[in-house]
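Reviewing the structure listed below.
Read the figures in this text as sums done on the coordinates, not as results from a lab. Since this is a predicted model, take the numbers as computed values, not measurements. In this analysis, Cβ positions are derived from the backbone assuming ideal geometry, glycine residues included, and neighbour counts consider all displayed protein chains.
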Amino acid sequence: MAKVTVKLFGVLRIDTHISCEEIDAEKVLDIFAALNKKAYEIYSKTLKKDNETKKPSPISFRSAVVFINGERCAQKGKRLCDNDEVWILSPSSGG
Amino acid sequence: MSDKLLGYMGRVLKVDLTSRTFEEYPWTDSDRERTLGGKIMAADILYRHIEPGMKAFDESNWIVVSTGPLTGCGCPNTSRFNISTISPLTGIVTSSNCGGDFGLSLKRAGYDAVIFSGRSAAPVTVNITCSGVTFDDASDLWGMSTSETQEQLPKRAGKLVIGSAGENKVLFACVFSNERTAGRGGVGAVFGDKLLKAVTASGHKIPEVANREKLKKTNAKWTKLLMSHPLTGRQLPKLGTAGLIAPMQAHGILATKNFSKGRFDGFEKVSGEELAEKHLISNAACTTCVIRCARTVKVDGKNVKGPELETLGLLGPNILNDDIEIILKWNYELDELGMDSISASGAMAFAMELKEKGIWDCGLEFGRTDNISQMLNDIAHRRGDGDILADGAKRMSERFGGKDFAIHAKGMELSAYEPRRAVGQGLGYATSNRGGCHLNAGYLVVVEGLGLDVDSLTPHGKAALSIMFQNLMESVSACGSCLFTSYAVLPGFLVDKPNLLLTRAVLACFPYVGPVVNLLSHFTKAPAVNIPLLPHSYAIKYATGIKSTMARMLTWGAYGYNIERISNIILGQKAGADKLPARFTDVPQDRDNPKTKVPLERMKKVYYRARGWSDGIPKYRRLKSLGIDIDKEFYEKIAEEAHQNGKGDS
C-alpha cells in the first residue's frame, strides 16, 4: 500500500464534501473505494443530525478525470507510489 | 405553416441620435432567412453600411442591437441579444452578446433589432415602446454607476446602460442589462461617444410561432437535455464557469503571470470550489435560463453578481493574486464602472510585466493588490496612468514596447486560457473575427482537455474543428441562444465516461476528422438532417417555419463568419492579421517540451484552405458561393490593399 494525497475538484468534490484526504491505496481504484467510504461517513453524520434514515447511493467515479503528480492517468488500475499526489476532477466547460 | 416567417416581430427600428428621430429599417423575410438573426443579422446590416476608413468614434458608425428568432418563443436559454458596432479597441467589427432582459423587452416592444446612428448633442435615454420612441435628457444620469442608472429607469422595462467607463470612452467599456454584460470590444465606449447613456424597451407583444405544439415538445426535450447533460446539468449549475480553474491548472492552461506560465501554485484559493464552498449565496441566471451558472456573492454586505472564470483567472493567477475576496470586490467595482474585466485585467497584467522588465512603472506589480481598486477607477475615469491603460495592451505596447508579451489578438486582450497547451484554442484566438475571444474563437479548449480529452498539443484536425465550432457557435448565437447550450452537442457518454476504452478510441480519432469536417462544410447538403443533440435547429424550424437543419446551421455560421471577416477587411484589417503574441508561437511553455507552443502558421495554412481564404482574406468566389453580395472591382481593390498593407507584417 502507498500513502497518497488525494485532492478532489469539481462536481465530485461538491457531491462528496471531500476536498483533500491522505489515503492508503495500491491502485487508483482503491482511492475511489476509500473516498466512497469517507463520503458515506460524512453523509451518515449529516443524516443523524437531521434524524433521517435514507441510505446514500455510492458516489460514481465513472466521470473522474485523474491526474497523478500532474500527469493525466486514464488507467484506474495504475499502481501508486508513496507521496503521490492524486487529483480527481470532473469534465468541465464554461466561458 | 404560414408563408410569412414567424418567430420574428418583423420590424427593425432605426434611431437617429443626431436628429432624435426614428424610422423603420427595411428588413425582409429574405434577409431574415439569409442571416437568421442576432450577430449574423447585425453583421449583415453593418456590412451594408460601413465604408473603408470608417472608425468607431465616427458619427457615421452604427450600433446594432439585435435579437434572435427564438427569443421570446419559450425556448430555454434564449434571452441572449447581441450588440455589434465598429470596435474602438480593435478598429474592426465587434459583436458582444448579453443575457440581460433587454432583448426580450425589445421583442415585446415589437422589434427584432434597433440601430442607433448619429450622435446626440447631450446625454440621452432612448425609450422604445410599441407606440414609438421617446428621448429623455440623461444629464442627471451621467456619472452614475451601472446599477444606479438602472435603478433610475422604469422597473418593468428592459434596460441597456453604461457606466463611467463608457462615458469616458475607455476602449473596453461594456454595456449592462440587469447584472449581465455585453462585455467585449468596447461597445460601451461607442454608446458613450454617442452620449447614449441608456436605452429602455417595453411592450406587450409576443412573437407568433410556426408550430406551437411541436415547439413546445422541442422545448421540453431541450430543457431535459440541458438539465441532464454532465456539463450544463451538473458542472455549470454547481460550480459556474469558475469551476474551470482547477481543470485549467491540471492541464497547464491557466493563464499565470501575464500568460508566461500555465499553472499557479495558489490556484485553489481562487477556484470555483472555493467560491462555491465559502462565498456562494445562491445561483443566478439570465432570463429564461435553465442552467443557472451565474453566482451571487456578498460584497460589503450586499448581494451582488459573482465573478466568472475569466475574472477569477485574470485578476487571480494572471497577476499572481490568490485573494478571492478582493477579486469579488474588484469584480463588483468593474461592473459598477461598466468595464470589461478581461481587457482591464489584461492591460494591468501587461503593465505589471513592463514594470518587472524595467520598461514602465505605473505602480502596478505582480502580487501587489492594494492599488488595483484605485487603478480601476483611474482607468474608468481616464485619470493619470489609468488613461494609458484605458487604451488596452496593444496601444500600450506600441507606446512602450513589449509587443512579444502584450497579450492580445487584433487588439483585444485574451481570455484566461493559456493556449500553448491547447493549440487549437490558440488557432481560434488568432483567427477569431473580433480578436482575442475564446468563444468567437470556437472554444476548442472544451475538447482539448476540459470537457473531452482530445490531444491538446497536436495541430492535426484543429483547423477543421475550429471552423466547425466557430460556424456552429455563430449560428447558435444568432438564434438568440446562450453559447453554453452548444456544449450539449458533445455526446454525454463521451463527457461522462472519459476513461472508457470506447471514449478514448473515439477521442483518438478526433485529430483525423479534418477531411470529413471539411467535406461537410463544403458540401452543405450532406448533413441535411437534424440531430437531437442540437435542438436549436428543430426549434428554429418550429418557431420560424424556416427549413432548418444541421447543415443550415453551419451555413448560417459560415455566412456570418465570412461577412464579418470581409467587413473587417473593408475597415482596414491587413492580411496576416490573424496573429498571436510571439510568447505563444516562439517560446515553449515547457522548455523541455518543444510541442508546448502554438504551431500557428502550420495550422493557419490548413484553416485558410478549408475556409476558402487567402492569408485571412475571403476569396471572391467563396463570398459569392455564400451569397455575400460584393462588387468584384471593389473586392479586388480592398483585397489588394489588405495584401499590400500586410506585407512584412505577417
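Describe numerically, in nm with one decimal, the distance between label points set 7 Å from Cα along Cα→Cβ at residue B:512 and at residue B:135.
6.4 nm
Can you give the calculated 222 nm mean residue ellipticity of the protein assembly as shown, where each DSSP H run of n ≥ 4 adds -39,500 (n - 2.57) and the sum is split over every residue, rounded to the nearest 500 deg cm²/dmol?
Rounded to the nearest 500, it is -11000 deg cm²/dmol.
Counting other C-beta atoms within 10 Å, which of B:330, B:142 has the fewest, and how do the rest follow?
B:142, B:330
Could you bin all the Cα-Cα distances of region B:241-413 into 10 Å bins starting at 0 and give me the percent of pairs in each, rounded to whole numbers?
For region B:241-413, the binned pair fractions read 11, 39, 35, 14, 2 percent.
What shape does region B:53-121 have by the C-alpha gyration tensor, where a ≥ b ≥ c are the square roots of the eigenvalues, rounded means a/c under 1.5, and otherwise prolate means a/b greater than b/c and oblate the rest? Let's see the in-between values first.
Details: a/c = 3.30, a/b = 1.93, b/c = 1.71.
Prolate, since a/c reaches 1.5 and a/b exceeds b/c.
Run the paramagnetic zone check for residue B:400: 7 angstrom along Cα to Cβ, then residues of region B:324-368 with backbone nitrogen under 15 Å.
Answer for region B:324-368: B:344-368.
Taking the beta-carbon count within 10 Å as an exposure proxy, list B:6, B:196 from fewest neighbours to most.
Details: B:6 21, B:196 27.
Sorted ascending by nearby Cβ count, the order is B:6, B:196.
Which residues in region B:128-171 have a backbone N closer than 14 Å to a point placed 7 Å from the Cα of residue B:20 along the Cα-to-Cβ line?
Within reach of a label on residue B:20, which here means backbone N under 14 Å from a point 7 Å along Cα→Cβ, region B:128-171 contributes B:133-140.
Name the lysines eligible as straight-distance cross-link partners of residue B:4: C-alpha to C-alpha under 25 Å, and not fewer than 8 places from it in the same chain.
The qualifying lysines are B:14, B:39, B:107, B:205, B:214, B:216, B:217, B:525, B:541, B:547.
According to the Kirkwood expression over distinct Cα-Cα pairs, how big is the hydrodynamic radius of region B:422-614, in Å?
Over region B:422-614, the inverse of the mean reciprocal pair distance is 17.3 Å.
Taking the radius of gyration and the Kirkwood hydrodynamic radius from Cα positions alone, what is the Rg/Rh ratio for region B:82-237, to two decimal places? Present the calculation step by step, with values, prior to reporting the outcome.
Values: Rg = 17.5 Å, Rh = 16.8 Å.
Radius of gyration over Kirkwood radius for region B:82-237 works out to 1.04.
I need the phi-derived Karplus couplings for region B:24-37: 6.51 cos²θ - 1.76 cosθ + 1.60, θ = phi - 60°, integer Hz, Gly and Pro marked x.
Result, rounded to whole Hz: 8, 8, x, 8, 9, 4, 5, 5, 5, 5, 6, 10, 6, x.
Counting only other chains, and only Cβ atoms inside 10 Å, what mean value do you get across the residues of B:226-235? Please list the in-between numbers first.
Details: counts 0, 0, 0, 1, 6, 6, 1, 0, 8, 9.
Taking the mean over all residues of the peptide, I get 3.
Which whole number of Å³ per residue matches the convex hull of the alpha-carbon atoms in region B:1-138?
Convex hull volume per residue, Cα atoms: 118 Å³.
Relative to the longest principal axis of chain A, what angle (0 to 90°, nearest 10) does the C-alpha long axis of helix A:28-50 take?
It works out to around 20 degrees.
Could you tell me whether the protein assembly as shown comes out rounded, prolate or oblate from its Cα gyration tensor? Rule is a ≥ b ≥ c as square roots of the eigenvalues, rounded for a/c under 1.5, then prolate if a/b exceeds b/c, otherwise oblate.
Rounded shape, in that the Cα axes give a/c under 1.5.
Quantify how strongly other chains surround peptide B:495-507 by giving the mean number of their Cβ atoms within 10 Å of each of its Cβ atoms.
That average works out to 3.
Along each of its three principal axes, how wide is the spread of alpha-carbon positions in region A:2-89, in whole angstrom units, largest first?
42, 22, 18
Tell me which lysines have Cα within less than 22 Å of residue A:78's Cα, excluding those fewer than 8 residues away on the same chain?
A:3, A:7, A:27, A:37, A:38, B:497
Using the structure shown, select from B:169/B:302; B:261/B:329; B:55/B:579; B:403/B:632; B:302/B:403 the pairs with a Cα to Cα distance greater than 30 angstrom.
B:403/B:632; B:302/B:403
Residues with amide H under 5 Å of residue A:84's amide H, sequence separation 5 or more or different chain, H placed in the peptide plane at 1.01 Å from N; which?
Amide H neighbours of residue A:84: A:5.
With a bin width of 5 angstrom, please list the P(r) values of region B:152-311 as percents of all Cα-Cα pairs, from the 0 bin to the one holding the largest distance.
Binned Cα distances yield the sequence 2, 8, 12, 13, 15, 18, 15, 10, 6, 2, 1.
Cα centroid distance between region B:88-138 and region B:416-447, in Å?
Their Cα centres are 30 Å away from one another.
Using a simple spin-label model with points 7 Å from Cα along the Cα→Cβ vector, what separation in nm is obtained for residue B:641 and residue A:19?
5.7 nm
Give the residue from B:307, B:566, B:476 lying farthest towards the positive end of the charge dipole for chain B; charges sit on Cβ (+1 for Lys and Arg, -1 for Asp and Glu) and the dipole is referred to the Cα centre.
Highest projection toward the positive end goes to B:476.
Tell me, what is the FRET efficiency for residue B:533 and residue B:278 to the nearest 0.05, using R0 = 45 angstrom and their Cβ-Cβ distance as r?
The value I calculate is 0.80.
Tell me, A:76, B:159, B:547 in order of fewest to most beta-carbon neighbours within 10 Å?
Fewest-to-most Cβ neighbours within 10 Å comes out as B:547, A:76, B:159.
Of the listed peptides B:71-79, B:375-383, B:310-318, what is their order by residue-averaged count of other C-beta atoms within 10 Å, with the highest listed first?
Packing order, densest peptide first, comes out as B:310-318, B:71-79, B:375-383.
Taking the Cα centre as origin and putting +1 on Lys and Arg beta-carbons and -1 on Asp and Glu beta-carbons, what dipole magnitude results for region A:2-89, to the nearest 20 debye? Don't skip to the answer; put the middle values down first.
Numbers: 16 positive and 13 negative charges, 72 e Å.
Charge dipole of region A:2-89: 340 debye, to the nearest 20.
Could you work out, residue by residue across A:13-20, how many beta carbons of other chains sit within 10 Å of that residue's beta carbon, and then give the average as an integer?
3
Using only the Cα atoms of region B:327-454, build the gyration tensor, take square roots of its eigenvalues as a ≥ b ≥ c, and label the shape rounded, prolate or oblate: rounded if a/c is under 1.5, else prolate if a/b is larger than b/c, else oblate.
Judged from the Cα gyration tensor, region B:327-454 comes out prolate (a/c at least 1.5, a/b above b/c).
Can you list the residues, at least 5 places off or on another chain, whose amide H is less than 5 Å from the amide H of residue B:614, using H built in the peptide plane?
B:619
Given H placed 1.01 Å from N in the peptide plane, which residues other than close sequence neighbours of residue B:409 have an amide H under 5 Å from its amide H?
Under 5 Å from the amide H of residue B:409 lie the amide H atoms of B:414, B:436, each far enough along the sequence or on another chain.
Per q in 0.12 1/Å, what log10 I(q)/I(0) does a Debye calculation on the alpha-carbon atoms of region B:403-527 return?
-0.46
If I take the Cα coordinates of chain B and project them onto the principal axes, what are the three extents in Å, biggest first?
The principal-axis extents, from largest down, are 63, 59, 55 Å.
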